[in-house]
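**Student:** Right, I'll just put the structure down here and ask away after.
The values are calculated or read from the model by the stated rules, or taken from the named source; none is laboratory data. Treat the numbers as computed from the prediction; the structure is a model and nothing was measured. Backbone-built Cβ (ideal geometry, glycine too); neighbour counts: all protein chains shown. Ligands, DNA and RNA are excluded from the accessible area calculation, which covers all protein heavy atoms including side chains. Shrake-Rupley method; radii C 1.70, N 1.55, O 1.52, S 1.80 Å.
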Amino acid sequence: MGSDRIEKLLEKYFEAATSAAEEQELRAYFESGDVAPHLEEYTPMFQFFSQAKQERYTRQVPLKTRSMPYRWLSVAAVAVLALGFYFGNQYQEQREAEYAYQQTRKALGLIAQNLDRGTEKVAHLETFETTKQKIYKNQ
Amino acid sequence: MTQSEFLNIVMPFKDKLYRLAKRLLISAEEAEDATQEVLLKLWAGKKQMHRYNNVEAFAMTMTKNFCLDRLKSKQSANLKLVHSNYAETGASLQQQVERRNSLEWVERIMEELPEQQRMILQLRDVEAYEYEEIEKLLDMKPTAVRVALSRARKAVREKLLEKHRYGIG
């Protein structure tokens with residue numbers, strides 16, 4: 001590559017008038033190691049640009065995977081709460097039903113007791129009836 | 001979007017983000033933090049990602065804004081960014097040492113440039129971005145980009161020749 005052409009390109013380069021391809025040509029020229037002595041002073045500049053492009057981001061790309069379980073945790077918590085309410089309600093209803101059953105039983109028991117007492121009294125009446133019958137027959 | 005899909009999108013330009021961040025923040029560690037921050041933000045907003053037709057340009061803009069904010073807050077807190085990237089690697093040949101030194105000069109010269117010029121040099125001469133991309137990224141007019149680029153290149157040349165002449169590092 002002629003140094004004349006490179007000189008012209010450099011002139012354009014410093015006026016920011018070079019195309020991307022021309023700049024690539026300049027970088028390649030100074031990378032080659034075969035630089036005309038009077039252009040040597042530009043070498044560090046272009047070599048630096050080429051070298052700077054080699055730098056790498058060495059850390060792991062950070063991906064927050066922790067946030068996902070947390071989100072699922074809240075969903076799970078809501079599910080547990082909802083189930084709790086559902087089954088809690090069922091249990092409560094069952095207890096209420098049992099209580100009502102017991103109360104009804106008690107009430108029915110009371111009625112039965114009183115009914116028994118009633119039939120005792122009616123039993124007296126029966127004795128009265130048989131005695132009355134006896135008296136009728138004797139007449 | 002799965003993690004691997006995200007990585008496929010991000011992998012080709014993550015180094016560019018880091019290099020831009022480092023050009024602005026100078027400290028390698030600060031630049032890594034900034035890159036990580038930007039990638040995290042991208043990952044968090046991955047659902048909107050399909051709406052940007054150019055994810056790379058979007059990420060580069062994010063990096064630029066993040067770093068400039070960071071510099072501003074550091075400045076207002078009167079803190080200087082501390083960095084220790086000048087680690088000398090043992091070179092066997094005198095010439096190799098010299099070359100590395102002169103490359104380091106260029107890096108230091110670039111650090112002295114105004115932020116905008118630094119970004120333009122980084123985007124054009126290191127990453128070989130097209131002018132239109134740079135205009136969009138930095139929100140500048142075409143002529144303004146050319147003028148700033150020309151100034152930045154000339155400034156680097158002048159300082160480099162100065163150092164070359166006097167042989168001071």
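**Student:** Quick one: 3J(HN,Hα) in Hz for segment B:105-121, Karplus 6.51/-1.76/1.60 with θ = phi - 60°, rounded, Gly and Pro as x.
**Tutor:** For segment B:105-121, the Karplus-derived couplings read 4, 4, 4, 5, 4, 5, 4, 7, 6, x, 3, 4, 5, 4, 5, 5, 4 Hz, x marking Gly and Pro.
**Student:** Helix A:20-31: angle to the longest alpha-carbon principal axis of chain A, degrees 0 to 90, nearest 10?
**Tutor:** 70 degrees
**Student:** Same structure again: Report the Stokes-Einstein translational diffusion coefficient (µm² s⁻¹, integer) for chain A, Rh taken as the Kirkwood radius over Cα pairs, at 25 °C with viscosity 0.890 mPa s. List each step's numbers first, then the result.
**Tutor:** On the way: Rh = 26.4 Å.
Reported coefficient: 93 µm²/s.
**Student:** Which Cα, out of A:Ser32, A:Ala16, A:Thr43, lies furthest along the positive dipole direction of segment A:3-52 (beta carbon charges, K/R +1, D/E -1)?
**Tutor:** Among A:Ser32, A:Ala16, A:Thr43, the one farthest towards the positive end of the dipole of segment A:3-52 is A:Ala16.
**Student:** Next up: What does the extension gain come out to for B:Gln3 and B:Lys136, with contour length at 0.36 nm per residue minus their alpha carbon separation?
**Tutor:** Details: separation 133, 0.36 × 133 = 47.88 nm, distance 2.89 nm.
Length gained, B:Gln3 through B:Lys136: 45.0 nm.
**Student:** Another one. Does anyone have the angle between helix A:43-52 and the longest principal axis of chain A? Alpha-carbon axes, 0 to 90°, nearest 10?
**Tutor:** 10 degrees
**Student:** Can you compute the modelled spin-label distance between B:Ala144 and B:His164, with each label point 7 Å from Cα toward Cβ, in nm?
**Tutor:** Placing both labels 7 Å beyond Cα along the Cβ direction yields 3.2 nm.
**Student:** Helix A:3-14 versus the longest principal axis of chain A: what angle, 0 to 90°, nearest 10, using Cα atoms?
**Tutor:** Roughly 50 degrees between the two axes.
**Student:** Hey, another quick one. Mean shadow of segment B:1-85, computed from the convex hull of its alpha carbons, in nm²?
**Tutor:** Average projection, Cα convex hull of segment B:1-85: 5.7 nm².
**Student:** When a/c reaches 1.5 or more, the comparison of a/b and b/c decides; with that in mind, is segment A:1-83 rounded, prolate or oblate per its Cα gyration tensor? Present the calculation step by step, with values, prior to reporting the outcome.
**Tutor:** Details: a/c = 7.32, a/b = 4.29, b/c = 1.71.
Taking the square roots of the gyration eigenvalues as a ≥ b ≥ c, segment A:1-83 is prolate.
**Student:** Hey, another quick one. For labels at A:Lys106 and A:Leu73 in the simple 7 Å Cα→Cβ model, what's the distance in nm?
**Tutor:** 4.8 nm
**Student:** Under the √(5λ) rule applied to the eigenvalues of the Cα gyration tensor, what semi-axes describe the equivalent ellipsoid of the protein assembly as shown? Give them in Å, descending. All intermediate terms of the calculation are to be shown ahead of the outcome.
**Tutor:** Numbers: eigenvalues 1762, 69, 49 Å².
Here the semi-axes work out to 94, 19, 16 Å.
**Student:** Okay, next question. Just to make sure I understand: if all protein chains stay in place, what is the order of B:Asp125, B:Asp33 by accessible area at 1.4 Å, largest first?
**Tutor:** Numbers: B:Asp125 0, B:Asp33 75 Å².
Sorted descending by solvent-accessible area, the residues read B:Asp33, B:Asp125.
**Student:** A follow-up question, please. Among rounded, prolate and oblate, which fits segment A:78-139 when a ≥ b ≥ c are the square roots of the eigenvalues of its C-alpha gyration tensor, a/c under 1.5 means rounded, and a/b larger than b/c means prolate?
**Tutor:** Because a/c hits 1.5 or more and a/b exceeds b/c, segment A:78-139 counts as prolate.
**Student:** At what distance in nm do the modelled label points of B:Arg51 and B:Asn65 sit from each other, each positioned 7 Å from its Cα along Cα→Cβ?
**Tutor:** The answer from the label model is 1.3 nm.
**Student:** Let me ask another. How much solvent-accessible surface does B:Ile9 expose, in Å² to the nearest 10, with a 1.4 Å probe and all protein chains in place?
**Tutor:** That residue has around 60 Å² of solvent-accessible surface.
**Student:** Per residue of A:39-48, count partner chain C-beta atoms within 10 Å of its C-beta, then hand back the mean as an integer.
**Tutor:** Values: counts 0, 1, 7, 5, 4, 15, 12, 2, 5, 12.
Going residue by residue through A:39-48 and averaging, the value is 6.
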